[in-house]
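Asks: Structure below; questions to follow.
The values are calculated or read from the model by the stated rules, or taken from the named source; none is laboratory data. Computed from a predicted structure; not experimentally measured. Here Cβ is always computed from backbone atoms with ideal geometry, including for glycine, and neighbour counts include all displayed protein chains. With ligands, DNA and RNA removed, areas are computed over all heavy atoms of the protein, side chains included. Shrake-Rupley method; radii C 1.70, N 1.55, O 1.52, S 1.80 Å.
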Amino acid sequence: AKEFIGRLREAFPDITFVVEEMIAEDDLVATRWTATGTHDSEFMGLEPTGRQATIGGMTIQRFKDGRIVEGWTEQDALGLFRQLGALPEFARA
């Protein structure tokens, strides 16, 4: 996770995260979040575009003794790459 976050911060140096909602029950915490940043460096093989993009996602983490022991994240990567111009727009019916 640390490695991925490091690459993300390098590619989007002005990235900001907003926690939209957070719910906790037993040893699980669910977070719905939105991130916005400017693509200023290579990211997942895509050269910098200078475009600003916004991505939404959800993360669920399981805690034990105050530490994260498992985690799962779903995010709109397709929407991100479309905003960065890496994917064609699809025809609308």
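Asks: Could you check segment 13-70 and list, in sequence order, the residues that are touching a strand residue (DSSP E or B) at 6+ places or on another chain (Cβ under 7 Å) and without any contact (Cβ under 8 Å) to a residue 12 or more places away in the chain?
Replies: Glu21, Met22, Ile23, Ile68, Val69, Glu70
Asks: With (1) under 15 Å from Gln83 (Cα atoms); (2) open to solvent by 100 Å² or more (accessible area, probe 1.4 Å) as the list, and Met22 as the residue in question, which single condition is left unmet?
Replies: Against the list (1) under 15 Å from Gln83 (Cα atoms); (2) open to solvent by 100 Å² or more (accessible area, probe 1.4 Å), Met22 comes up short only on (1).
Asks: Then there's this: I'm trying to understand the selection: among the residues of segment 1-39, which are in a strand (DSSP E or B), among the charged types (D, E, K, R) and farther than 16 Å from Thr54 by Cβ?
Replies: Across segment 1-39, the qualifying residues are Glu21, Glu25.
Asks: Evaluate segment 62-79: report whether one residue or more is surrounded by 14 or more Cβ atoms within 10 Å (Cβ to Cβ) and aliphatic (A, V, I, L, M).
Replies: No - not one qualifying residue is present in segment 62-79.
Asks: Looking at segment 44-51, is at least one residue β-branched (Val, Ile, Thr) and assigned to a loop (DSSP other than H, G, I, E, B)?
Replies: Yes: segment 44-51 contains one or more residues that are β-branched (Val, Ile, Thr) and assigned to a loop (DSSP other than H, G, I, E, B).
Asks: Yes or no: segment 39-56 includes at least one residue that is aliphatic (A, V, I, L, M), open to solvent by 40 Å² or more (accessible area, probe 1.4 Å) and at pLDDT 95 or above.
Replies: Among the residues of segment 39-56, not one is aliphatic (A, V, I, L, M), open to solvent by 40 Å² or more (accessible area, probe 1.4 Å) and at pLDDT 95 or above, which makes the answer no.
Asks: Could you list, in sequence order, all residues of segment 1-11 that are within 21 Å of Arg32 (Cβ to Cβ) and more than 11 Å from the chain's Cα centre (by Cα)?
Replies: Ala1
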